[in-house]
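Derivation of every value follows stated rules applied to the coordinates shown; laboratory data play no part. Keep in mind that this is a model prediction, so the values were computed, not measured. Because the Cβ atoms are built from the backbone with ideal geometry, glycine has one as well, and the counts that use them run over all protein chains shown.
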Amino acid sequence: MPGYEVIDKKELYQCEDILKKSKTFFRMGFEKQRKGIFKVLEFEKKFGNYFNAKYCLGVTSGTAALRVALASLNLKPNDEVITQAFTFVATAEAIIEANCKPVCANIDDTLNLDPKDLIKKINKKTRAVIVVHMLGVPARMREIVKICKKNKIILIEDTAWGCGGKINNKFLGTIGDIGTYSFDHAKAITTGEGGMVVYKNKNHFLKGKAWHDHGHENNPKFPRWEDTRKSSGFNFRMNELQGAIGIAQLKKLNFITKSQRKNYYLILNSIKNIKGLKERSIPKNSYISADALIIIVKNKKIAMRCRKFLLKSNISTKILPEAYSWHFAGKWSHMKEFNKKKNFKSSLKVSEKILSKAVSIPIFVKMTKNQILGIKNSLLKSLK
C-alpha cells in the first residue's frame, strides 16, 4: 500500500500521449484520430508479460473485475459460489449480482479461506470458489487448488490486496482459473479506479471481453456500430487515461513490493520479542506483497487497546480491529441473501474470534525510523 506514494512525472508523460497526441479517451476505434495510441491495450499486454498471464482484460474497478469474471462462466440462477468470511463486501456483491447464491466459509490462521471448511461447504450446486488473498498474504493455494480440481470447480482469485505477491514462485492471481485485481487509490498500483481480469481459458476470456462491452465481439469484418454479438452485457470498459497511468505504475510494482516487504520485516523484527503477540500465519513458500502487518493478541479488549496507543503515536490501523464490518460477512445485516440463512452468523464464529483478536498495521513504501519505533513503543505500552 499504495501506488499513490510513487506517482511522479512518468504517469504524466503517459497521459500526455492521450491529451496531446491521440486525444481519444475511448479504448477502441477512432483509428485515424488516435495515431496508433492504444493505452489500455498496451497496459493489458504489459500486465500479461509481467505476470506471465495469457489473457488480460482491463476493467473499471476491482468490483467490476469480479463481476466480469463470474459473467465469463456459464453460471445459472441459484448456482452456489463459495467465498470466505473475511473479504471486502464487493466479493459477495458480485456473486449476488451474478444471480448466484453466496456461501461463506470460515478463515484459518492465515486470515484467508480455510481449506478444511471449504470442503464442508461444497455440494452439488457449487460452481465456483472465490479465494481472497487478504491484506497481502497468500491463501493456502496448494490445498485449495487441489480441492477445486477434485470437485471440478472453477477457482477465481480475488487479488485486490495481493498484487505482486507470490506463492510457490507463481504470482497471485495466476494460479487459479481466473484472477482479478483492483487498482483503486489504496492498492499496490493505482489507476484511480480500475481493475484487471486475467484468464487461462480463451473461451472464458472472449466471453468476459464481450460481456464487459455490452456484448460487442469486435468483429474485424464490421465497423463497431455494425458489430456482431451473441449476448448482452454491461459497460465495464477501462478508459485510456486509466490505461496510461497503469503502464507507468506497473513499471514501479517491483520497487513498491520490495519496499513494502523491507518495511514489513523491519517492523516485525522490532516487535517479535514482545510478549503477548504473534504474526498471522503465512503459508510456506510465500512471497508476501506486504500490504499490512497483522498481529494476533490475546483478546478483543487488548486489540482495541493496541489501536488506542497506535493512534496516540499518529499510526493508524487498517480494518482490524476497528472497522471490519465492511469486511466480515457476519456483520452484513443489510444483505438478505445471508441473513435469511439459518444459523448463518453462528456458523462464522470461528472467523469472528480470529478477527476480533487481530491488529492490522498498514505498510507503506515510505516509512521512517521514527514511525517504526513508534509502532514498537505503542505495542509495548498496550501489552504491559
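Using Cβ counts within 10 Å as a stand-in for footprinting exposure, how do His133, His334 rank, fewest first?
Working: His133 30, His334 8.
Going from sparsest to densest Cβ surroundings: His334, His133.
Which of Thr159, Thr174, Thr368 comes first, and how do the rest follow, when ranked by fewest Cβ neighbours within 10 Å? List each step's numbers first, then the result.
Numbers: Thr159 32, Thr174 19, Thr368 10.
Ranked by crowding around the Cβ, least crowded first: Thr368, Thr174, Thr159.
Would you calculate, for the chain, the mean residue ellipticity at 222 nm contributed by helices, counting each DSSP H stretch of 4 or more residues as -39,500 (n - 2.57) and dividing by all residues, to the nearest 500? Write down the numbers at each step before the final one.
Details: 14 runs with 140 residues, N = 384.
Taken over the chain, the calculation gives -10500 deg cm²/dmol.
Hey, in the GNM for the chain with a 10 angstrom Cα cutoff, which one of Phe309, Phe364, Phe171 fluctuates hardest?
Phe309
Kindly put Trp326, Trp332 in sequence by how many other C-beta atoms sit within 10 Å of each C-beta, fewest to most. Write out the running numbers ahead of the final one.
Working: Trp326 12, Trp332 22.
Ascending number of Cβ neighbours within 10 Å: Trp326, Trp332.
Given Cα pairs under 8 Å that are at least 6 residues apart, what percent is the relative contact order of the range 254-382? Don't skip to the end; give the middle numbers.
Working: 157 pairs, mean separation 50.1, N = 129.
Result for the range 254-382 is 39 percent.
Tell me whether the chain comes out rounded, prolate or oblate; compute the Cα gyration tensor, take square roots of the eigenvalues as a ≥ b ≥ c, and use a/c under 1.5 as the rounded threshold. Numbers along the way, then the final one.
On the way: a/c = 2.20, a/b = 1.31, b/c = 1.68.
It comes out oblate by the Cα gyration axes.
Which aspartates and glutamates have a Cα lying under 19 Å from the Cα of Lys300, excluding residues fewer than 8 positions away in the same chain?
Within reach: Asp108, Asp109, Glu279, Glu322, Glu352.
Output the peptides 18-29, 290-301 sorted from most to least packed, where packing is the average of other Cβ atoms within 10 Å over each peptide's residues. Write out the running numbers ahead of the final one.
On the way: 18-29: 15.5, 290-301: 20.3.
So the order, starting with the most tightly packed, is 290-301, 18-29.
What angle, in degrees between 0 and 90 and rounded to the nearest 10, separates the Cα long axis of helix 141-150 from the longest principal axis of the Cα atoms of the chain?
60 degrees
Across bins of 10 angstrom width beginning at 0, how are the C-alpha pair distances of the range 265-384 distributed, in whole percent?
Spelled out per bin, shortest first, that is 12, 41, 29, 14, 3, 0.
Under a straight-distance cross-link criterion of Cα-Cα below 20 Å, which lysines are reachable from Lys251, leaving out those fewer than 8 residues away in the same chain?
Lys9, Lys10, Lys39, Lys45, Lys46, Lys54, Lys166, Lys170, Lys187, Lys262, Lys366
For the chain, with a Gaussian network of springs between Cα atoms less than 10 Å apart, report the residue from Asn239, Asn112, Asn269 with the top mean-square fluctuation.
Per the Cα network of the chain with a 10 Å cutoff, Asn269 tops the list.
Compute the distance from the alpha-carbon center of the range 125-194 to that of the range 340-358, in whole Å.
23 Å
Please list the equivalent ellipsoid semi-axes of the range 23-110, computed as the square roots of five times the alpha-carbon gyration tensor eigenvalues, in descending order and whole angstrom.
On the way: eigenvalues 223, 52, 25 Å².
Whole-Å semi-axes of the equivalent ellipsoid: 33, 16, 11.
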